Amino acid sequence: MLHANAPPKPPGVFDVAIIGAGVVGCAVARRFALAGARVVLIEKGADILSGASKANSAILHTGFDAPPDSLELELVKAGRQEYLEIRESLSLRIVETGALVCAWNALEADKLEAIEETGRANGISELKLLTGSAARATMPSLSENLVAAIEVAGEHVIDPWTAPLAYLTQAVSLGAHFLRSTELLKGTFDGEWTLETSSGEVCARAVVNAAGLYGDVVDERLGFAPEFAIHPRKGQFVVLDKAAFRHVPRIVLPVPTEITKGIVVCPTAFGNVIIGPTAEEQDDRIRATVEADTLKALITRGAEIVPALAGIPVTALYAGLRPATEKKAYRVACRPEARAITLGGIRSTGLSAALGLARHAVELHATFGEALTPPASVPSIVMPNLTETEERDWQRPDHGEILCHCELVTRREVEATFTSPVPPGDFGGLRRRTRAGMGRCQGFYCNAHLAALTAGKLATPLAVDEGEAK
């Protein structure tokens, strides 16, 4: 039986080949497909979101603290606006939390006015400077040590996994090809691109590098002199039990530094609370380890910000890598002579900016002189709901068997992923599509059922001996 990772042989010459199926690559695939291009999305991993995009804070940013007049600001605002415009048509959810940028001492409080001025200069009008007591009135669980805050009404929380899946699903509905478990080895341009991959040769008239943590490597394999180097920046997170959710109705942001937006205490769309991320430079582009001392410090800091979080059990720990470079700015390059675009150095704001980056890529592609004709119609798609904001499958009277009792995931939800246009390629992909195995027991009770149900369908079996798992 062929599992979801067996790449089909791509036919003919594509208009655009996109390297990397993170949130940016998926959004770019959708935008080019909507423009009428024949698209192929090439991903080294067994599923989408196999790199930096699988771990983030899931905040839909406004851009209030982005560098003024920057491309990042422009694209974050454009991406957020498009998300709000399309979310109903793609069945994407949003948790309208708003945010508080909190100052915990006089030094940080002195910076708030400048942050507010930057926000207003960036075109974000929904900002309000509050005293500590006024901020606590909007979120009483905050520590009494709060000195002052800025309320940012437009910052919200979204489901960070379903959104990119929806982007790619819509692209596939328009004919895009998704080549997973396929690594780009070398590209040569001779009027058209010939891409040598681990799954064979792919031909395209243009190429978009959205390879995230491997953005510099892919540029080099395409024959371009390196214009930036990726310096992976690790962020560790703690996920608190759902008992924490009622204490954190808003996103609590720190006063940011030049390096990072800092430690955030944030509700999730799935009913938990996360604390993180750290910002740790490392060389390893693959492994993002978690360290006990760092996680204890995060838990302690979370309880200092929201005292009611003290003692609430930890559900999970994880760490992600952000594709930082030598500069804070996005590293976007367009090479019309080679019909190539690089979308590099997309760090913390990638989830918010992805749709804006996708539009920008299509605009840059227009300089190549090749007109695209949009399709006459766009198929509608409906994404399953994983969030706690709307009815989930287990709440329906005919839900059938529940496989994961921690996250209340039904058997038919799991089964449906494998008949979807973009089925999961690995267990991580299945978890991100269903939440199965992501609760308090971390799969202790449901993994055996999941192993049996997914046998032969994933790149790496959940159980080594599938016979025993059954």
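The values are calculated or read from the model by the stated rules, or taken from the named source; none is laboratory data. Keep in mind the model is a prediction, meaning the values are calculated, not measured. Cβ: placed from backbone, ideal geometry, glycine included. Neighbour counts: every protein chain shown. The area values use the complete protein model at the heavy-atom level, side chains included, leaving out ligands, DNA and RNA. Shrake-Rupley method; radii C 1.70, N 1.55, O 1.52, S 1.80 Å.
Output the residues belonging to region 61-73 that are charged (D, E, K, R) and either modelled with pLDDT under 95 or more than 19 Å from the chain's Cα centre (by Cα) (or both).
65, 69 - these are the residues of region 61-73 that are charged (D, E, K, R) and either modelled with pLDDT under 95 or more than 19 Å from the chain's Cα centre (by Cα) (or both).
Here are some conditions: (1) touching a Phe, Trp or Tyr at 6+ places or on another chain (Cβ under 8 Å); (2) open to solvent by less than 50 Å² (accessible area, probe 1.4 Å). Residue 317 meets all but one. Which one does it not meet?
Single failed check for residue 317: (2).
Out of curiosity, is residue 183 surrounded by fewer than 24 Cβ atoms within 10 Å (Cβ to Cβ), within 30 Å of residue 337 (Cβ to Cβ) and out of contact with any Leu (no Cβ under 7 Å at 6 or more places or on another chain)?
Yes.
Condition first: open to solvent by less than 10 Å² (accessible area, probe 1.4 Å), within 30 Å of residue 33 (Cβ to Cβ) and either modelled with pLDDT of 95 or more or out of contact with any strand residue (DSSP E or B) (no Cβ under 8 Å at 6 or more places or on another chain) (or both). Can you find one or more residues in region 140-154 that meet it?
yes
Anything in region 294-339 that is more than 17 Å from residue 210 (Cβ to Cβ), outside any strand (DSSP E or B) and touching a strand residue (DSSP E or B) at 6+ places or on another chain (Cβ under 8 Å)? List them, or say none.
Of everything in region 294-339, those that are more than 17 Å from residue 210 (Cβ to Cβ), outside any strand (DSSP E or B) and touching a strand residue (DSSP E or B) at 6+ places or on another chain (Cβ under 8 Å) turn out to be 294, 295, 298, 299, 301, 302, 305, 306, 309, 312, 313, 326.
Looking only at residues that are free of Cβ contacts under 8 Å to residues at least 40 places away in the same chain and at negative phi in region 299-311, which one is least open to solvent (accessible area, probe 1.4 Å)?
Residue satisfying both the conditions and the ranking: 303.
Within region 98-117, which residues are open to solvent by less than 70 Å² (accessible area, probe 1.4 Å) and not aliphatic (A, V, I, L, M)?
Once the filter is applied, which keeps residues that are open to solvent by less than 70 Å² (accessible area, probe 1.4 Å) and not aliphatic (A, V, I, L, M), region 98-117 yields 98, 102, 104, 105, 108, 116.
Looking at region 75-97 only, could you name the residues that are over 19 Å from the mean Cα position of the chain (by Cα) and crowded, with 17+ Cβ neighbours inside 10 Å?
The answer is none; no residue qualifies.
Mind listing just one residue for me: the one in region 261-270 that is open to solvent by 10 Å² or more (accessible area, probe 1.4 Å) and over 17 Å from the mean Cα position of the chain (by Cα) and, of those, modelled with the highest pLDDT?
By that ranking, first place goes to 263.
Which pairs turn up if I take residues in region 19-47 that are closer than 17 Å to residue 166 by Cβ and look for partners that are crowded, with 24+ Cβ neighbours inside 10 Å and basic (Lys, Arg) with beta carbon separation below 7 Å, at least 6 apart in sequence or on another chain?
From residues that are closer than 17 Å to residue 166 by Cβ, the pairs are 43/180; 47/180.
Taking the condition surrounded by 20 or more Cβ atoms within 10 Å (Cβ to Cβ) and farther than 26 Å from residue 101 by Cβ, does residue 403 pass?
yes
Just need a number here: residues in region 427-455 that are in contact (Cβ under 8 Å) with a residue 24 or more places away in the chain and either among the aromatic types (Phe, Trp, Tyr) or open to solvent by 40 Å² or more (accessible area, probe 1.4 Å) (or both).
6
I'm checking my understanding of the structure. Among residues of region 374-384 that are touching a residue at least 60 places away in the same chain (Cβ under 8 Å) and open to solvent by 50 Å² or more (accessible area, probe 1.4 Å), which one is farthest from residue 445 (Cα to Cα)?
374
Return the residue satisfying two criteria in turn: it lies in region 414-426 and is in contact (Cβ under 8 Å) with a residue 24 or more places away in the chain and open to solvent by less than 30 Å² (accessible area, probe 1.4 Å), and of such residues it is farthest from the chain's Cα centre (by Cα).
Across region 414-426, the extreme among qualifying residues is 414.
What are the pairs, 6+ residues apart or on separate chains, where a residue within region 274-298 that is surrounded by 13 or more Cβ atoms within 10 Å (Cβ to Cβ) and among the hydroxyl-bearing types (Ser, Thr, Tyr) has its Cβ under 7 Å from a residue that is assigned to a loop (DSSP other than H, G, I, E, B) and at pLDDT below 95?
294/278
Of all residues in region 385-400, which are touching a residue at least 24 places away in the same chain (Cβ under 8 Å) and either among the basic types (Lys, Arg) or open to solvent by 80 Å² or more (accessible area, probe 1.4 Å) (or both)?
Answer for region 385-400, where residues must be touching a residue at least 24 places away in the same chain (Cβ under 8 Å) and either among the basic types (Lys, Arg) or open to solvent by 80 Å² or more (accessible area, probe 1.4 Å) (or both): 388, 390.
This table checks each residue for (1) open to solvent by less than 40 Å² (accessible area, probe 1.4 Å); (2) aliphatic (A, V, I, L, M); (3) within 23 Å of residue 283 (Cα to Cα); (4) part of a loop (DSSP other than H, G, I, E, B).
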| residue | (1), (2), (3), (4) |
| --- | --- |
| 188 | no, no, no, no |
| 191 | no, no, no, yes |
| 195 | yes, yes, no, no |
| 213 | yes, yes, yes, no |
| 224 | yes, no, yes, yes |
| 238 | yes, yes, yes, no |
| 243 | no, yes, no, no |
